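Inspection log for the structure reproduced underneath, given as structure tokens.
The values are calculated or read from the model by the stated rules, or taken from the named source; none is laboratory data. Predicted model only: the values in this text are computed from it and were never measured. Methodologically, a virtual Cβ is constructed for each residue, glycine included, from the backbone with ideal geometry; neighbour enumeration extends over all protein chains shown. For accessibility, only protein heavy atoms count, side chains too; no ligands or nucleic acids. Shrake-Rupley method; radii C 1.70, N 1.55, O 1.52, S 1.80 Å.
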Amino acid sequence: MEGSLGDGAKDKPFHTATPLLESWALSQVAGVKVFLKCENVQPSGSFKIRGIGHLVGRMARKGCSHFVCSSGGNAGISAAYAARKLGIAATIVLPEGTSPQVVRRLQGEGAEVQLHGKVWDEANLRAQELAKRDGWVNIPPFDHPLLWEGHGSLVQELKAALGTPPGAVVLAVGGGGLLAGVAAGLVEVGWQHVPIIAMETRGAHCLNAAIKAGRPVTLPGITSVAKCLGAKTVATRAFECTQEFKVLSEVVEDVEAVNATQRFLDDERMLVEPACGAALAAVYSGLLGRLQAEGHLSPSLSSVVVIVCGGNSIDSQELQALKAMVSHS
Ligand code: PLV
């Protein structure tokens, strides 16, 4: 198998270096300079392609005939995109409630789509079964060292763009792959002292629950509308990061994540998933100011970077539906 892939496909990363934009609107709200790391413009619509592309590329070089990836949506789209570029088949297993636009996109990438179970954890069990087939390789959406290594490229771009470390990095946590990757990237560039504000929605708050319990625990279910944050148990490595780095774990309500999504659309004309709205809510819900007032963050931050993780499971109709859903809850 080694050598059967074209040179370009072998060496070229699947992700693009994304813009880092200073946001006038969010800076006004936060009272500190806010930079947006625009992962929403990745070819797969989210940051996931960084780590997944890295892992898929490595596995392809080792030789495999078929990828299988369980996903809340975005990891699957990244895996299908990378697999198509390599000319390798892919099966993506998603929970039953997955939006039709995500399924269409996956089929458009040439992937086989299987809907299985109510939440990602159940889809993941199915994917692990499929991965036992001869030549099939499992691509986990957040729990693999090569994913974290791949996500780390985001921090290298921050270093190149900013030069000096920001006062904090804000990111969303699902299973904790982005957190583990950003932490690894911070070490690589010598910025390991930078506080990470780890945002979750209530009902998908497996990291926050782990911190409270002192070990990874399994949530009874996923009740948040931010389905892409819906892993019931956080990756052990992400939990360890909370002990090794300055991680401030914060939980917002669904309504805050959805309102942040709407305000971001109006402020920046970019539409993202509520999973990403959870990170944006750190600004829009006044959380940064509270963390400063409580002494968890410096009162004189040079800047804050918000990782706009993106997401494909959203359009104007879905945003309206989400707003109606959270206003009745
Ligand atoms: N979504 C995963 C896991 O879902 C997936 O399969 O796509 N922001 C967006 C837009 C995401 O899609 C995800 C993860 C996250 C944030 C959280 O990233 P993580 O899982 O690395 O913490 C169940």
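Among the residues making up region 303-329, those that are among the hydrophobic types (A, V, I, L, M, F, W, C) and part of a helix (DSSP H, G or I) are Leu319, Ala321, Leu322, Ala324, Met325, Val326. Of all residue pairs spaced 6 or more apart or on separate chains, those with beta-carbon atoms under 7 Å, a first member in region 285-302 that is assigned by TED's automatic domain parsing to the domain that holds Pro166 and outside any loop (DSSP other than H, G, I, E, B) and a second member that is open to solvent by less than 80 Å² (accessible area, probe 1.4 Å) and of a type in the set (Val, Ile, Thr) are Leu288/Val32; Leu288/Val304. Close Cβ contacts (under 7 Å, 6 or more residues apart or on different chains) running from residues in region 223-235 that are within 9 Å of Asp121 (Cα to Cα) to residues that are within 7 Å of the ligand (Cβ to nearest atom) comprise Gly230/Gly72; Gly230/Trp120; Gly230/Gly174; Ala231/Trp120; Ala231/Phe142; Ala231/Gly174; Ala231/Gly175. For region 170-195, a residue qualifies if it is over 14 Å from the mean Cα position of the chain (by Cα) and not acidic (Asp, Glu), and the qualifying residues are Ala184, Gly185, Leu186, Val187, Val189, Gly190, Trp191, Gln192, His193, Val194, Pro195.
Each row is one residue, and each column tells you yes or no for (1) part of a loop (DSSP other than H, G, I, E, B); (2) under 19 Å from Gly277 (Cα atoms).
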{"position": "Gly150", "(1), (2)": "no, no"}
{"position": "Val169", "(1), (2)": "no, yes"}
{"position": "Val182", "(1), (2)": "no, yes"}
{"position": "Val187", "(1), (2)": "no, no"}
{"position": "Glu200", "(1), (2)": "no, yes"}
{"position": "Val234", "(1), (2)": "yes, no"}
{"position": "Phe239", "(1), (2)": "no, no"}
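One residue is enough: does region 228-240 have a residue meeting the conditions more than 11 Å from the ligand (Cβ to nearest atom), surrounded by fewer than 19 Cβ atoms within 10 Å (Cβ to Cβ), of a type in the set (D, E, K, R) and over 14 Å from Gly175 (Cα atoms)? So far as region 228-240 goes, no, none of its residues is more than 11 Å from the ligand (Cβ to nearest atom), surrounded by fewer than 19 Cβ atoms within 10 Å (Cβ to Cβ), of a type in the set (D, E, K, R) and over 14 Å from Gly175 (Cα atoms).
Any residue that is over 30 Å from Gly289 (Cβ atoms), surrounded by fewer than 23 Cβ atoms within 10 Å (Cβ to Cβ), within 15 Å of the chain's Cα centre (by Cα) and small (Gly, Ala, Ser) - is there at least one of those in region 132-153? Yes, some residue in region 132-153 is over 30 Å from Gly289 (Cβ atoms), surrounded by fewer than 23 Cβ atoms within 10 Å (Cβ to Cβ), within 15 Å of the chain's Cα centre (by Cα) and small (Gly, Ala, Ser).
Every residue, every condition in (1) more than 22 Å from Val308 (Cβ to Cβ); (2) modelled with pLDDT under 95; (3) open to solvent by less than 10 Å² (accessible area, probe 1.4 Å), yes or no:
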| residue | (1), (2), (3) |
| --- | --- |
| Gly8 | yes, yes, no |
| Gly53 | no, no, yes |
| Val56 | yes, no, yes |
| Gly87 | yes, no, no |
| Leu94 | yes, no, yes |
| Val103 | yes, no, no |
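Counted as qualifying within region 38-126 are the helices (runs of 4 or more DSSP H) with 1 or more residues that are closer than 30 Å to Ala161 by Cα, more than 11 Å from the ligand (Cβ to nearest atom) and in contact (Cβ under 8 Å) with a residue 60 or more places away in the chain, namely 48-62, 74-86. For region 105-128, a tally of residues being open to solvent by less than 80 Å² (accessible area, probe 1.4 Å) and either outside the structural domain of Gly72 (by TED's automatic domain parsing) or more than 16 Å from Ala231 (Cα to Cα) (or both) returns 8. Taken as a whole, the condition of being in contact with a Phe, Trp or Tyr (Cβ under 6 Å, 6 or more places away or on another chain) and either over 24 Å from Glu256 (Cα atoms) or open to solvent by 50 Å² or more (accessible area, probe 1.4 Å) (or both) applies to Pro216.
Of the residues contained in region 154-166, one or more are found to be open to solvent by 20 Å² or more (accessible area, probe 1.4 Å) and closer than 20 Å to Lys48 by Cβ.
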